[in-house]
Amino acid sequence: MTQRAEHSTVMDRLAIDDLVTAYAHAVDDGDWAAYRQLFTPDGRADYRSAGGIEGRCEDVAAWLAETMRHFPVRQHLIVNRRIDLDTRDGAPGDTATVRADYLNPMHLVNPSAAPGADPDGHGTLAPNYTCAGRCAFTACRTPDGWRLTEVVVHEKWRQVLPAATA
């Protein structure tokens, strides 16, 4: 591999790593416009293993916007990233896959809380719902940089703590 190809590979890996980080930030921040911009126009996401839906990025973003309202505190920790870039004739190609583990502590709102009140009526927003598993990301190089073509979440476990008592 030439020095130019090695440099390009490092730059691609950094850009793909940034893409995965931007995905986590968009979901945690509820920035659904940013979430949509991370995908190609035909991009898809699959959250079925976590009780969600599968579909076009637009549809999934709308579903997430509604669902995540029940989790005012969320933090996706996406770790152990394994980035595999395709190659063409020894040079970096235009597609990549990423396998990464995630740990996602969140706070699930008590559905009986009064509107405008402390979400649980207990004075805390500590995590009471945690899930973890592995994400499979597929990305491609576009004129606007690397974009996601697919995200598949493979939830392995979850823990839901009982509501605190006042």
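The values are calculated or read from the model by the stated rules, or taken from the named source; none is laboratory data. Small disclaimer: the values here were computed from a predicted structure and weren't measured. Using ideal geometry, Cβ is built from the backbone for each residue, glycine included, and neighbour counts are taken over all protein chains shown. These accessible areas exclude ligands, DNA and RNA; they are computed on the full protein's heavy atoms, side chains included. Shrake-Rupley method; radii C 1.70, N 1.55, O 1.52, S 1.80 Å.
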In this structure, does Asp12 turn out to be touching a residue at least 60 places away in the same chain (Cβ under 8 Å), touching a strand residue (DSSP E or B) at 6+ places or on another chain (Cβ under 7 Å) and open to solvent by less than 20 Å² (accessible area, probe 1.4 Å)? yes
Restricting attention to segment 51-107, which residues are outside any helix (DSSP H, G or I) and hydroxyl-bearing (Ser, Thr, Tyr)? Thr87, Thr95, Thr97, Tyr102
If you scan segment 111-135, which residues turn out to be modelled with pLDDT of 95 or more and open to solvent by less than 30 Å² (accessible area, probe 1.4 Å)? Thr130, Cys131, Ala132, Gly133, Cys135
Quick one: in segment 87-105, of everything that is of a type in the set (A, V, I, L, M) and open to solvent by less than 10 Å² (accessible area, probe 1.4 Å), which residue is nearest to Cys140 (Cα to Cα)? Ala96
Looking only at segment 72-82, count every residue that is surrounded by fewer than 18 Cβ atoms within 10 Å (Cβ to Cβ) and on the phi < 0 side of the Ramachandran plot and tell me the total. 7
Tally up the residues in segment 136-149 that are touching a strand residue (DSSP E or B) at 6+ places or on another chain (Cβ under 9 Å) and either open to solvent by 80 Å² or more (accessible area, probe 1.4 Å) or among the hydroxyl-bearing types (Ser, Thr, Tyr) (or both), please. 4
If you take the residues in segment 41-50 that are assigned to a strand (DSSP E or B) and within 19 Å of Ala100 (Cα to Cα), which one is most open to solvent (accessible area, probe 1.4 Å)? Arg44
Within segment 7-23, is there a residue that is outside any strand (DSSP E or B), more than 26 Å from Ala132 (Cα to Cα) and among the β-branched types (Val, Ile, Thr)? yes
Only residues that are among the aliphatic types (A, V, I, L, M), out of contact with any Ser or Thr (no Cβ under 8 Å at 6 or more places or on another chain) and without any contact (Cβ under 8 Å) to a residue 60 or more places away in the chain: list them for segment 62-100, please. Ala62, Leu64, Ala65, Met68, Val73, Leu77, Val79
